[in-house]
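The values are calculated or read from the model by the stated rules, or taken from the named source; none is laboratory data. Because the structure is a prediction, the values reported are computed rather than measured. Cβ sites come from the backbone with ideal geometry, for glycine too, and all protein chains shown count toward neighbours.
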Amino acid sequence: MLCRQPIDFEAAFCEACEQLRQRETGNDKWSHPAIYWAAVTVGHFDMRNATWGGIKARWTAVLQAELGKREWPEIPPRRDALPAPGKSSVPQEEAQRRIAEIQKMLAKKLTTPLQAVAA
């Protein structure tokens, strides 16, 4: 019977904190998907702001539960966050073009069913 190496929960926590930081630039490389999913469960804010002493019990429980699953979804690629409301703009010409496209689509949808009923 093979023995498993004991899990170093503190090292896994340190990895998660570092990889979350690396993820901001798309350079994260996780040694195990359970560490990523445990970090997701704990939450980005708590992972970035907690001390090891303050999160040890919670992190250990979450990572143990995650490791107990034995199968994990793939780690998803990083996605850029949407800008805050009111913090982005579209040039006026682009906005007018988009509005015109929407108006054409709406006009087509509104006229097609009426023509079919009249026939």
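For the structure I just gave you, tell me whether Arg97 is at pLDDT 85 or above, under 30 Å from Gln19 (Cβ atoms) and surrounded by 10 or more Cβ atoms within 10 Å (Cβ to Cβ). Answer is no for this residue. All conditions but one from (1) more than 28 Å from Asp8 (Cβ to Cβ); (2) touching a helix residue (DSSP H, G or I) at 6+ places or on another chain (Cβ under 8 Å); (3) loosely packed, with under 10 Cβ neighbours inside 10 Å apply to Glu74; the one that does not is (1). Restricted to the range 15-50, and to residues there that are charged (D, E, K, R) and in a helix (DSSP H, G or I), the residue that is nearest to the chain's Cα centre (by Cα) is Arg23.
When residues of the range 59-90 are filtered for being farther than 22 Å from Thr25 by Cα and in contact with a Gly (Cβ under 9 Å, 6 or more places away or on another chain), how many remain?
Taking the range 59-90 first, the residues farther than 22 Å from Thr25 by Cα are 59-72, 85-86, 89-90.
Those left that are additionally in contact with a Gly (Cβ under 9 Å, 6 or more places away or on another chain): none.
Total meeting the criteria: 0.
For the range 77-94, a residue qualifies if it is modelled with pLDDT under 85 and surrounded by 10 or more Cβ atoms within 10 Å (Cβ to Cβ), and exactly one does: Val90.
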